[in-house]
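Working notes, beginning with the structure itself.
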Amino acid sequence: SGVKATGDLRVVTGGLAGQLSVSGGGLTGDVILGIERGLQRVEAHMTARDVKLVGPPLIVVQRGKIYLVALLDPKGTSIDATFTGQGLRYGDISLARLAGNAKLVGGTGEVRASFAGSRGRGFELQTVAKVSPDRIVVDAQGTVDRKPIKLTSAAIVTREGDGWRLSPTALTFAGGTATVGGRFGGTGTEFDATIERLPLTVLDLLAPDLGLGGVASGRVAYRDPAGDAAPTGSASL
């Protein structure tokens, strides 16, 4: 996409050392490589202006900055990063603005982010994710279509075999409630939801421009096993 990195690198004990200057395609900055405590260290200072990276998915950044320091430990990568952005697009997700920071040591730590944009409906969310190699705990709140939405219990995702399990998670939206859980990735997909007077406009986040109105109450279950077996499900709404 027109982005080039030039510089001198040396092979040293433990990895690479040197500096690359990045330019073109709307990206400018430096990537500095070195060794710290026997581990490969990567430091990046990058500025984005009218970036368009050809996909799929298509990635567009009108304005953005990132500062990152990473230690590439085979036992778990350590990252200290801050990032801001305006006018971002990733596939069919559009973000008017994004800001956050990530601090991980050995693959464990915290990621905080606030973002606003649109995907069928306008949204503005603030999230805090506590991350470890086999478990992610997310708290989130904000608005969708200018109506309040909040996780009333943290979303807990744990590794299960070659996939991930979402424990039953409760949320409120514009006076309605939902409890959702399931499994995704690896060998099959599972989804269970119990809803009570949930405004159906929230579904536009999953399928943009679905355009449903009104509210719904009831239960939904869905199973899609891996392989050639047909998916099964039930709904009582």
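The values are calculated or read from the model by the stated rules, or taken from the named source; none is laboratory data. Since we're looking at a predicted model, the values are computed, not measured. FYI the Cβ positions are ideal-geometry reconstructions off the backbone, even for glycines, and counts take in every protein chain you see. The protein model used for the area step is the full one, side chains on, heavy atoms only, and it has no ligands, DNA or RNA in it. Shrake-Rupley method; radii C 1.70, N 1.55, O 1.52, S 1.80 Å.
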Notebook entry, point to check: Is at least one residue of segment 171-194 among the aliphatic types (A, V, I, L, M), under 21 Å from the mean Cα position of the chain (by Cα) and in a strand (DSSP E or B)?
Noted result: yes
Item checked: Scope segment 48-60; condition loosely packed, with under 15 Cβ neighbours inside 10 Å and in a strand (DSSP E or B); matching residues -> Arg49, Asp50
Margin query: Here is a list: Leu198, Leu237. Which entry is at pLDDT 90 or above, open to solvent by 60 Å² or more (accessible area, probe 1.4 Å), touching a Gly at 6+ places or on another chain (Cβ under 6 Å) and within 19 Å of Ala170 (Cβ to Cβ)?
Written below: Leu237
Check: Does segment 199-209 contain any residue that is out of contact with any strand residue (DSSP E or B) (no Cβ under 8 Å at 6 or more places or on another chain) and farther than 20 Å from Gly142 by Cβ?
Finding: yes
Checklist line | Qualifying position, being under 21 Å from the mean Cα position of the chain (by Cα) and under 28 Å from Thr108 (Cα atoms), among Ala70, Ala17 | finding: Ala70
Margin query: Pull out all pairs, ordered by first then second residue, where Cβ-Cβ is under 7 Å, the residues are six or more apart or on different chains, the first lies in segment 154-174 and is under 12 Å from Val137 (Cα atoms) and open to solvent by less than 40 Å² (accessible area, probe 1.4 Å), and the second is of a type in the set (S, T, N, Q) and assigned to a strand (DSSP E or B).
Written below: Ala155/Thr169; Thr169/Thr179
Margin query: Checking the conditions here, which among Gly122, Gly100, Gly76, Gly117 is assigned to a loop (DSSP other than H, G, I, E, B) and surrounded by 15 or more Cβ atoms within 10 Å (Cβ to Cβ)?
Written below: Gly76
